[in-house]
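Beneath this line is the structure, given in structure tokens, with notes to follow.
The values are calculated or read from the model by the stated rules, or taken from the named source; none is laboratory data. Bear in mind the structure is a predicted one, so any value in this text is a computation, not a measurement. Backbone-built Cβ (ideal geometry, glycine too); neighbour counts: all protein chains shown. Only protein heavy atoms, including side chains, enter the accessible area calculation; ligands, DNA and RNA are left aside. Shrake-Rupley method; radii C 1.70, N 1.55, O 1.52, S 1.80 Å.
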Amino acid sequence: MLLPDLPASRTEPDGSAVIRLLSYNIRSMRDDTAALARVIRACTPDVVCIQEAPRFFRWRKKAARLARATGLLYVTGGATTAGPMLLAGLRAHVERTDEKLLPRTPGLHQRGLATAVLRFGGARVAVVSTHLSLARAERYEQAGLLLAHVRALGEPHVVVAGDLNERPKGPAFRRLADELQDGWAVSPWGGRRTSTALDPRKRIDAVLATGAVEVLGCGVPAGLPGVSPADLRDATDHLPVLAALRIPASGPATAAS
């Protein structure tokens, strides 16, 4: 099915910015990295929220290789946040970054948050990449910590994107959606299910945003020029989520802290 494209990235006359944000679990680049790069490039994102970025030997070199292959720049995260990572295009001015590890339950994987405050002309947005636990109780607690992190940023425009490891009716997902907009629910576009790439039956990846961010469309890209079904299957074990978002103008630029 050929989908209508999402709005292109642009700056509006009132100073607001339309940005394209992609969320993608890349399984440590253990699959077809050429297909992965093709999918990311075809989505023409301004920002990419990565989950399961390379975390071990020479992880920075692998992250840099992915950034070069997609025409993007490394921003923050990776092994330092136990997997979440941010990439961005040249249009984004990075004001500040934050890397945070969440409390870990013994015997379970470490989890973290990769955060950056980005300016697009007169519009400023905080972006958080996250990957929640496989364990139900820990996942629910992490959802609360994630919301506390969003509040502590002190930014009116925040976007959270990642692999939530839970369907929308689950308690952790609902905890997040009670406070943040669920992009797919607000403005569905493209496909809905994200896992697995070979046989998508579950929507466990999402883009969420604070209320002042306008969601213009959100979903799994399919039928776009340069994105073949084979590429989506071969790139990794998740399907990506692409969103177009309008960020209101934030006033004069401030110096990075």
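List of remarks:
- Extension reserve of the LEU153-THR97 stretch, reckoned as 0.36 nm per residue once the Cα distance is removed: 19.1 nm
- Charge dipole of the chain (Cα centre as origin; +1 on each Lys and Arg Cβ, -1 on each Asp and Glu Cβ, all else neutral): 600 debye, rounded to the nearest 20.
- Among SER228, SER28, SER129, residue whose mean-square fluctuation peaks in a GNM of the chain (springs only between Cα atoms under 10 Å): SER228
- The equivalent ellipsoid of the stretch 150-189 has semi-axes of 18, 13, 9 Å, largest first, where each one is the square root of 5 times an eigenvalue of the Cα gyration tensor.
- Square roots of 5 times each gyration tensor eigenvalue, C-alpha, the chain, largest first, Å: 23, 22, 19
- Centre separation in Å (Cα based) which lies between the stretch 218-238 and the stretch 6-41: 12 Å
- Under 19 Å of direct C-alpha separation, and excluding same-chain neighbours fewer than eight residues apart, LYS100 reaches these aspartates and glutamates: GLU52, GLU138, GLU141, GLU155, ASP163.
- In the stretch 26-86, the inverse of the mean reciprocal separation of distinct Cα atoms equals 11.3 Å; this is its Kirkwood hydrodynamic radius.
- Per residue, the convex hull spanned by the Cα atoms of the stretch 173-257 amounts to 149 cubic angstrom.
- What the pair-distance distribution of the stretch 1-139 shows, using all Cα-Cα distances binned every 10 Å from zero, is 12, 40, 32, 14, 2, 0 percent.
- Loop-located trypsin sites (Lys or Arg not before Pro) in the stretch 17-83 (DSSP state other than H, G, I, E, B) with a sparse environment of at most 14 neighbouring Cβ atoms within 10 Å: ARG30, ARG58.
- Working from label points 7 Å from Cα in the Cα-to-Cβ sense, the ARG68 to ARG30 distance is 2.5 nm.
- Percent RCO, i.e. relative contact order, over the chain, from Cα pairs under 8 Å lying at least 6 residues apart: 24 percent
- Spread of Cα-to-Cα distances over 5 Å intervals beginning at zero, given as percent, for the stretch 203-242: 5, 20, 25, 22, 13, 9, 5, 1
- Surface share of carbon and sulfur [accessible, 1.4 angstrom probe, percent] for the chain: 54 percent
- Placing +1 on the Cβ of every Lys and Arg and -1 on the Cβ of every Asp and Glu, with no other charges, gives the stretch 160-254 a dipole of roughly 300 debye about its Cα centre.
- Highest mobility in the GNM of the chain, judged by mean-square fluctuation with C-alpha springs under 10 Å and restricted to LYS169, LYS100, LYS202, is found for LYS169.
- The residues of the chain expose on average 42 square angstrom of accessible surface per residue, using a 1.4 Å probe on protein heavy atoms.
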